[in-house]
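Derivation of every value follows stated rules applied to the coordinates shown; laboratory data play no part. This is a predicted model, so every value here is computed, not measured. When we count neighbours, we look across all protein chains shown, and the Cβ atoms used for this are built from the backbone with ideal geometry, even at glycine.
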Amino acid sequence: MIIGHRLPARRILHVALALLAALWSGLLQANWNTAALMKALAERPAGQVRYSETRHSALLKEPLRMSGTLRYKKPAFLQKHIQTPFEEILTVDGERLSWEKPAAQKKHELALRDYPAIQGFIESMRSTLNGDASTLERFYKLRLDGKEQQWTLVLLPSDIDMAQFIRVIRISGSKARISTIEIEEAGGDRSLMTLREETP
């Protein structure tokens, strides 16, 4: 006959609380999906972040490293200001894209509707920041990997024109914050952009 010994009430309480916490965490993760991510991103206020970017290309002897700021204003304004090693300003406002080189005093503008592949590329970032899944799905198949604390949104081009330029885009982050954007081009070139919040 095996005689068991009783567990202290405090120990039983700790075990019960741990089981409840595990169950609750599992329920939360079960509800973490693309719709939940888009909702979180849509509720995040607009603002400005600093970025650093490294591009690898067969045309370059060594990787090109750039840095600057990204500014976003809901629902359709996005600006990438490259500050080093040269200055360029790419601005998307609604359906228009402008490209400016201040040092050369040159500025070009185009309508995104006339360049579907460029529009699709722009929307990979703008629509993600805006939490706009329906626009993203016009150009990409979406797949969300990971958990709320560490997720990766994988964008696979569904448009033939887009697929000629982009193989895959991976956007990673935590909760409603985007931390990295990785782009693999169809020709083998790739880039990695790391975002960080600006300190006041």
Can you give the local net charge around residue 135? Use residues other than it whose beta-carbon is closer than 13 angstrom to its beta-carbon, Lys and Arg +1, Asp and Glu -1.
-3
Calculated FRET efficiency for the pair residue 60/residue 98, C-beta based, R₀ 45 Å, to 0.05
0.95
Taking every other residue with Cβ under 11 Å from the Cβ of residue 87 and scoring Lys and Arg +1, Asp and Glu -1, one gets -1
In debye, nearest 20, what is the charge dipole magnitude of the range 34-197 about its Cα centre with +1 on Lys and Arg Cβ and -1 on Asp and Glu Cβ, if you could check?
440 debye
Sorted from largest down, give the three principal axis spans of the alpha carbons of the range 34-197, whole angstrom values.
44, 33, 31
Amide H partners (placed H, <5 Å) of residue 175, local residues excluded:
149, 150, 151
Residue-span extension gain [residue 163 to residue 36] - 0.36 nm each, minus C-alpha spacing
43.0 nm
The range 34-53 to the range 121-200: how many Å between their Cα centroids?
11 Å
Provide the net charge surrounding residue 150, with neighbours chosen by a C-beta distance below 15 Å and charges set as Lys +1, Arg +1, Asp -1, Glu -1.
+1
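Once R0 is set to 25 Å, what does the formula 1/(1 + (r/R0)^6) return for the Cβ-Cβ distance between residue 142 and residue 175, expressed as a FRET efficiency to the nearest 0.05?
E between residue 142 and residue 175, to the nearest 0.05, is 0.90.
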Calc'd 3J(HN,Hα), the range 130-139, phi into Karplus 6.51 cos²θ - 1.76 cosθ + 1.60 (θ = phi - 60°), Hz, glycine/Pro = x, comes to 8, x, 9, 5, 4, 5, 4, 6, 5, 10
Zone residues, the range 127-151, relative to residue 195, backbone N less than 14 Å from point 7 Å out along Cα-to-Cβ:
127-132, 151
Name the long-range amide H neighbours of residue 68: under 5 Å, sequence gap of 5 or more, or other chain; modelled H, no Pro or chain starts.
51, 83
Cross-link partners among lysines for residue 175, C-alpha distance below 22 Å, same-chain residues fewer than 8 apart left out?
39, 73, 74, 141, 147
